[in-house]
Amino acid sequence: MEKQTKIIVYTNQKGGVGKTTTSASTMAGLQKRGFSVLGIDLDSQCNLSYVLKADKQVPSIRDVFRDDCEFEEAIQKTSFGDLVQSNKGLDNAMNDLDDIEKVYKLSEVLQTVKGRYDFIIIDTPPALSALTTNALTCADYVVIPVQGDSFSLQGAEALSKTINGIKRVNQKIKILGILLVRYKSRESLSKLMADQFGKFAEILETKVYKTTIREGVVIKESQLARESIFDYAEKSGVAEDYDTFLEELLKDINGEEING
């Protein structure tokens, strides 16, 4: 039976806001729940590919975009779920695409696997580029990870303008929410920024997730160990936070399907 594949994009035009950690944790958490998951690393820094222990001998999304291989050939198995890895030359490959492909190339290649997976999770680069546009053009849902600081807020504001432009070519795209990561609840600055993000969410017609991902050394430790937060520190507060967030995420998606 063909699955109703849902494509979730994690994005923010500022780097270091937890996109890769959240993408990896989403993949692992969904797989733990019995869902079939495909991750796509669209960041030429290859952080998601590294954390998931990608085999560099397998073709990358760069090879797919250059038509050097079929999308199927680039899919590899990992402990987090299936993955199409990135490549440090990915940005250069995008320059060789024509204007239409710079918007629709990923949508085109994903047609070959839609229906096979429950979820496709896309990790994007920390910049507005053709790669981010490709991801948003095929997205069903967007989640914006942010840190409790003004610089993250500036990145989110710029992203909102981008997404509003994308809606002209992808009317189904929906911003599910803003996720506060590396959150220190006792710091007055974080509380102030949480209020600001709430106001920003109203402008985007979305919300700030009730769940916040707390700051924790286990995040960096799990990345260095190249294990999911659930395998590395299942009983940690951070793992608990991500598990609770995924419950919120799935409830949102199920509610959207019913209401839609």
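The values are calculated or read from the model by the stated rules, or taken from the named source; none is laboratory data. Here the structure is a predicted model, which is why all the values come from computation and not from measurement. A quick note on method: Cβ atoms are made from the backbone with ideal geometry, for glycine too, and the neighbour counts reach across all protein chains shown. Note: areas computed on protein heavy atoms with side chains; ligands, DNA, RNA excluded. Shrake-Rupley method; radii C 1.70, N 1.55, O 1.52, S 1.80 Å.
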Tell me yes or no: at least one residue of the stretch 81-88 is touching a Lys or Arg at 6+ places or on another chain (Cβ under 8 Å), open to solvent by 20 Å² or more (accessible area, probe 1.4 Å) and closer than 28 Å to Ile229 by Cβ. yes
Restricting the stretch 8-53 to residues that are of a type in the set (Lys, Arg) and within 22 Å of Glu234 (Cα to Cα), the one modelled with the lowest pLDDT turns out to be Lys19
Failed item in (1) assigned to a strand (DSSP E or B); (2) more than 23 Å from Ser160 (Cβ to Cβ), with Ile121 passing the rest: (2)
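Table: residues versus (1) at pLDDT below 80; (2) more than 18 Å from the chain's Cα centre (by Cα).
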residue: Ile163; (1), (2): no, no
residue: Leu176; (1), (2): no, no
residue: Lys184; (1), (2): yes, yes
residue: Ser188; (1), (2): yes, yes
residue: Val218; (1), (2): no, yes
residue: Glu234; (1), (2): no, yes
residue: Thr244; (1), (2): no, no
residue: Gly260; (1), (2): yes, yes
Residues of the stretch 13-57 being of a type outside the set (Lys, Arg) and at positive phi, in sequence order, are Gly16, Gly18, Gly34, Cys46
Filter the stretch 59-74 down to residues that are within 23 Å of Gly115 (Cβ to Cβ), in a helix (DSSP H, G or I) and open to solvent by 40 Å² or more (accessible area, probe 1.4 Å), then give me how many there are. 2
Answer from Lys3, Lys56, Lys77 - the residue that is surrounded by fewer than 24 Cβ atoms within 10 Å (Cβ to Cβ) and assigned to a strand (DSSP E or B): Lys77
Within the group Leu97, Leu128, which residue is in contact with a Phe, Trp or Tyr (Cβ under 8 Å, 6 or more places away or on another chain) and part of a loop (DSSP other than H, G, I, E, B)? Leu97
